[in-house]
1. Take region 140-245, compute every pairwise Cα distance, and split them into 10 Å bins from 0; I just need the percent in each bin.
2. Report the full-extension gain for the segment THR230 to HIS151: residue separation times 0.36 nm, less the Cα-Cα distance, to one decimal in nm.
3. Taking the Cα centre of region 96-249 as the origin and placing charges on Cβ (Lys, Arg +1; Asp, Glu -1), which of MET120, LEU163, PHE211 is farthest toward the positive end of the dipole?
4. How big is D for the chain, in µm² s⁻¹ as a whole number, if Stokes-Einstein is applied with the Kirkwood radius of its Cα pairs at 25 °C and 0.890 mPa s?
5. For GLU32, enumerate residues with amide H under 5 Å from its amide H, sequence gap 5+ or separate chain, H modeled in the peptide plane.
6. Under a 10 Å cutoff between Cα atoms, tell me which one of LYS19, LYS29, LYS44 has the largest fluctuation in the Gaussian network model of the chain.
7. Can you compute the charge dipole magnitude of region 1-98 about its Cα centre, using +1 on each Lys and Arg Cβ and -1 on each Asp and Glu Cβ, nothing else charged? Give it in debye, rounded to the nearest 20.
8. Treat every Asp and Glu Cβ in region 111-204 as -1 and every Lys and Arg Cβ as +1, leave all other atoms uncharged, and give the resulting dipole magnitude about the Cα centre to the nearest 20 debye.
Amino acid sequence: MAEPVLAIRDLNKSFGALKATEGVSLDLKPGEIHALIGPNGAGKSTLIHQIAGTLRPDSGTVHFRGEDITVLGVAARARLGLGRSFQVSSLAPEFSALRNVMLAVQAKASSSFRFFRPVMRDSALIEPAMAALARVGLQDRARVPAAELSHGERRQLEIAIALALGSKAFLLDEPMAGMGPDGSRALTAFLDGLRTEAPILLVEHDMDAVFALADRVSVLVYGRIIASGTVEEIRADGEVRRAYLGDAA
Ligand code: ADP
Ligand code: MG
């Protein structure tokens, strides 16, 4: 079996008396979308923050591509190729889609040099930036300011930026939030193709999207994973239906 890209083992995090993460272990394997579902307040975002490095776990480990990253900061994890979640948008809204990706290409090039920051000319940035835009299907929107893109296109642009930064895995926290049905369908189709670029740990409330996309689903309730399996297994699980899915299943 392929080595997991991300391996989370026995993670624990409390806020005072509240156990927001309790003994959580999960893997993200190459090429897969692993969905994390659960009711509001279950601890999904808290878990994503610990994987992304914005929150430090009380105990447990996070390995990324074989390396223990448990105590690394956000920037160090991003340098290793862990794509950030969507919770804080990193876009410069007044800049074109292309310029936003060019900034990422420049940042990636600079981070490869330890002692000086080479200033690359635009001509050297445009080609890799256009390539990243093409990978997410935004090549025809290159000159449009980020602020004028649709909600879904901004998600695609954020992923183009992450790809330009060298992301080897994505942590997506509710990427469908605030989207209408058309936007959700378009983003679902897009994420479906993205898994071959880099595996995705996907927190999502939109069950149509989860059931359409997930290779595996883990269910988080009160900080604990109560079930993990294929879409069919999760849909058939009585405990999951009672705890979370209700009529949606
Ligand atoms: P979810 O993303 O599944 O809706 P969260 O991870 O945001 O859940 O929250 C899990 C629990 O932890 C909630 O009860 C929430 O109120 C609590 N919580 C989250 N962040 C903090 C924090 N920084 N301080 C205290 N409590 C927090
Ligand atoms: Mg959340």
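The values are calculated or read from the model by the stated rules, or taken from the named source; none is laboratory data. In this text the structure is predicted, and so the values were computed from the model without any measurement. Neighbour counts run over all protein chains shown; Cβ positions are idealised from the backbone, glycine included. Note: areas computed on protein heavy atoms with side chains; ligands, DNA, RNA excluded. Shrake-Rupley method; radii C 1.70, N 1.55, O 1.52, S 1.80 Å.
1. 13, 42, 31, 11, 3, 0
2. Working: separation 79, 0.36 × 79 = 28.44 nm, distance 2.94 nm.
Residue separation times 0.36 nm, minus the Cα-Cα distance, leaves 25.5 nm.
3. MET120
4. Values: Rh = 18.8 Å.
Taking Rh from Cα pairs, D becomes 131 µm²/s.
5. Under 5 Å from the amide H of GLU32: ILE200.
6. Between LYS19, LYS29, LYS44, it is LYS19 that shows the largest mean-square fluctuation.
7. Numbers: 10 positive and 9 negative charges, 30 e Å.
Result for region 1-98 is approximately 140 debye, rounded to the nearest 20.
8. It works out to roughly 420 debye.
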